[in-house]
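K.L.:
Let me give you the structure first, and then I'll get to my questions.
The values are calculated or read from the model by the stated rules, or taken from the named source; none is laboratory data. Source: prediction; values computed, not measured. Because the Cβ atoms are built from the backbone with ideal geometry, glycine has one as well, and the counts that use them run over all protein chains shown. Just so you know, the surface numbers come from the protein's heavy atoms only, side chains and all, with ligands and any DNA or RNA stripped out. Shrake-Rupley method; radii C 1.70, N 1.55, O 1.52, S 1.80 Å.
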Amino acid sequence: MTSSYQAIRDTFGLAFTKNLIVVLVWLILSYINGTLITTFFKHQAFYEDPRYILFIHMVINDAIQLTVTITLFVLSYIFYKINVSFCCFFILVAVFTTRNTPVNLASMAIERYIAICHPLRHRQICTVRRTYIVIGLIWFICVAPDITDLFVTLATESLSFFHESVFCLRHNVFKDPILAYKRQAFDIIYFSAVFLTLVFTYLRIMFAARAFSTEKMSAQKARNTILIHGAQLAMCMLSYISPSVEIMLHLIFPGRGLEIRFANYLIVYILPRFLSPIIYGVRDKMFRKYLKMYLLSSRCRVELHRVGVWNKTDR
């Protein structure tokens, strides 16, 4: 968001509508993610499968990302400007979790590649312990480059700056121009690496499907999963080109800054989070089976509770 439209405010009705939409979306996705997380932790079978461990890590990561960005969105309407220290916290957590998603996608694609192309070595390579090490590495390589923004800001800004209030955008807090160039460089490195990983794993799985007719079905499912990961990646990539896109849209549609910002927020930060439940919550046979069992048992508990209430009322 540029300074030229930071001062423009929505009408009360429009602001209420926008916030109602994002909060409702957050509630829906929180329920879906909560159901997936509960299903995972209720069944021991998922604890020993790297595939599902990486998946649930992405679900939890996306849930945190969504909660932080929506909280920041709502606060920007309630208070408009917030304390710089709080803004730093929200921005950094949002950045870390946003970066995590594509790297996690690459890790999941590699796991599928090993499972299909090297099935005899899969259990040796993809152990539970190594999976947790990979998750630790994901956080390290996503946190390390951007935490330096905070250190540079602490070194270049006075202490009083952190007691001020600002409209909470990244460039309003981490203002050193060199940080913008650094972010662009890392964005290119991250997404080039993830993109090449997805292309490599997809092609190798496709060739494996042709070579081994007995593994065609599992290879085809793995290939389709990586294609969906690719769609997720494409939408995640929007968060890194969205500033440039916003500038172009402002030139094409002058005076529509608030509408552009809201549409950009929905497409870039919320829409990709709907795909994770589809990939494993709906498409995956094993997870779908346990998910149905959990939902049915939850429904039975509700019905039994309702019957119990009725019986007490009859007495």
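K.L.:
Suppose every K and R has +1 on its Cβ and every D and E has -1 on its Cβ; what is the size of the dipole of region 83-155 about the Cα centre, in Debye to the nearest 20?
P.N.:
Details: 6 positive and 3 negative charges, 98 e Å.
Approximately 460 debye in magnitude.
K.L.:
Work out the charge dipole of region 69-140 with +1 on the Cβ of Lys and Arg and -1 on the Cβ of Asp and Glu about the Cα centre, then indicate which of Ile114, Ser85, Ile138 is farthest towards its positive end.
P.N.:
Towards the positive end, the residue furthest out is Ile114.
K.L.:
Specify whether the C-alpha gyration tensor of region 48-110 places it in the rounded, prolate or oblate class, a ≥ b ≥ c being the square roots of the eigenvalues: rounded for a/c under 1.5, otherwise prolate if a/b is larger than b/c and oblate if not. Write down the numbers at each step before the final one.
P.N.:
On the way: a/c = 3.81, a/b = 2.86, b/c = 1.33.
Prolate is the answer for region 48-110, as a/c is 1.5 or above and a/b outweighs b/c.
K.L.:
Using a probe of 1.4 angstrom, how much of the accessible area of region 75-185 is carbon and sulfur, in percent? Let's see the in-between values first.
P.N.:
Numbers: 3910 of 5690 Å².
Heavy-atom surface of region 75-185 belonging to carbon and sulfur, 1.4 Å probe: 69 percent.
K.L.:
So for region 129-201, taking the charge dipole from beta-carbon charges (+1 Lys/Arg, -1 Asp/Glu), which of Ile188, Ile178, Phe200 sits furthest toward the positive end?
P.N.:
Phe200
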